[in-house]
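The values are calculated or read from the model by the stated rules, or taken from the named source; none is laboratory data. If you're wondering where the values come from, they're calculated on a predicted model, not measured in any experiment. Cβ placement follows ideal geometry from the backbone for every residue including glycine, while neighbour counts extend to all protein chains displayed.
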Amino acid sequence: MRLDAIVVDCRHAASLARFWAAALGWSVAPYDPAELARLATKGIDDPEDDPTVMVDPPVDGDADLPVLFFVEVPEAKVVKNRLHLDLRAEDDLEAEVRRLEELGARIRNWEETDGGPWCVMLDPEGNEFCVMPPDDEVA
């Protein structure tokens, strides 16, 4: 058994998928002619209106990484996530936080423990995630 996908409920799948693809350096799954035809049978003429969007890990990365799958749901997020992603900055924690803010994330708060500081952030739809310091900065 292996983890195949991490599914995120959201209000607008295409825009949230683009945020996470940019945040991780991954890519939104391409819309080939067959996928566009499948969407058309559902009355969807523009991928921007696709209610289910997949984000693929890098092709040259770990083959066992799961995809991220964004699914539009009618209800709004009202409470704290029961599951969240922890991202590890590769070089500079504060620079990574600024980059994510430029992509549309917001800082919720900064935390610190014996392992050093990390940032709790909110994606464009308010889903919590953490940005951890580079491995070489962890005490």
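Within region 24-42, which residues are surrounded by 14 or more Cβ atoms within 10 Å (Cβ to Cβ) and either under 14 Å from the mean Cα position of the chain (by Cα) or hydrophobic (A, V, I, L, M, F, W, C) (or both)? Those that are surrounded by 14 or more Cβ atoms within 10 Å (Cβ to Cβ) and either under 14 Å from the mean Cα position of the chain (by Cα) or hydrophobic (A, V, I, L, M, F, W, C) (or both): Leu24, Trp26, Ser27, Val28, Ala29, Leu36, Leu39. Taken over region 21-45, the residue count meeting the criterion of being touching a helix residue (DSSP H, G or I) at 6+ places or on another chain (Cβ under 9 Å), touching a residue at least 40 places away in the same chain (Cβ under 8 Å) and either farther than 13 Å from Leu68 by Cβ or not small (Gly, Ala, Ser) (or both) is 1.
Among the candidates Asp123, Asp114, the residue that is within 14 Å of Asp86 (Cα to Cα) and either in contact (Cβ under 8 Å) with a residue 40 or more places away in the chain or not aliphatic (A, V, I, L, M) (or both) is uniquely Asp123. Would region 111-120 turn up any residue that is at pLDDT below 95 and in a loop (DSSP other than H, G, I, E, B)? Yes, region 111-120 contains a residue that is at pLDDT below 95 and in a loop (DSSP other than H, G, I, E, B). Restricting attention to region 87-139, and to residues there that are more than 23 Å from Pro57 (Cα to Cα) and aromatic (Phe, Trp, Tyr), which single residue is surrounded by the fewest Cβ atoms within 10 Å (Cβ to Cβ)? Among those that are more than 23 Å from Pro57 (Cα to Cα) and aromatic (Phe, Trp, Tyr), it is Trp110.
Just to be sure, is Glu125 in contact with a helix residue (DSSP H, G or I) (Cβ under 8 Å, 6 or more places away or on another chain) and either under 19 Å from Leu3 (Cβ atoms) or not basic (Lys, Arg) (or both)? Answer is yes for this residue. Taking each residue of region 63-84 that is closer than 17 Å to Asp50 by Cα and of a type in the set (Asp, Glu) and looking for partners that are in a loop (DSSP other than H, G, I, E, B) and modelled with pLDDT of 85 or more with beta-carbon atoms closer than 6 Å, six or more apart or interchain, yields Glu72/Pro51. Taking region 43-78 as the search range and keeping residues that are more than 17 Å from Val7 (Cα to Cα) and among the hydrophobic types (A, V, I, L, M, F, W, C), which one is surrounded by the most Cβ atoms within 10 Å (Cβ to Cβ)? Applying the filter and picking the extreme gives Ile44.
Within region 60-76, the set of residues being at pLDDT 85 or above and part of a loop (DSSP other than H, G, I, E, B) comprises Leu65, Pro66, Val73, Pro74, Glu75, Ala76. I need every pair where a residue in region 96-111 that is within 11 Å of Ala22 (Cα to Cα) and not assigned by TED's automatic domain parsing to the domain that holds Gly25 has its Cβ under 8 Å from the Cβ of a residue that is surrounded by 15 or more Cβ atoms within 10 Å (Cβ to Cβ) and among the hydrophobic types (A, V, I, L, M, F, W, C), sequence separation at least 6 or different chains. If the second residue must be surrounded by 15 or more Cβ atoms within 10 Å (Cβ to Cβ) and among the hydrophobic types (A, V, I, L, M, F, W, C), the pairs left are Leu100/Ala23; Leu100/Met121; Leu100/Val131; Leu103/Phe19; Leu103/Ala22; Leu103/Ala23; Gly104/Phe19. Whether a residue is within 18 Å of Asp123 (Cβ to Cβ), out of contact with any strand residue (DSSP E or B) (no Cβ under 8 Å at 6 or more places or on another chain) and part of a loop (DSSP other than H, G, I, E, B) was assessed, and Ala22 does not pass this test.
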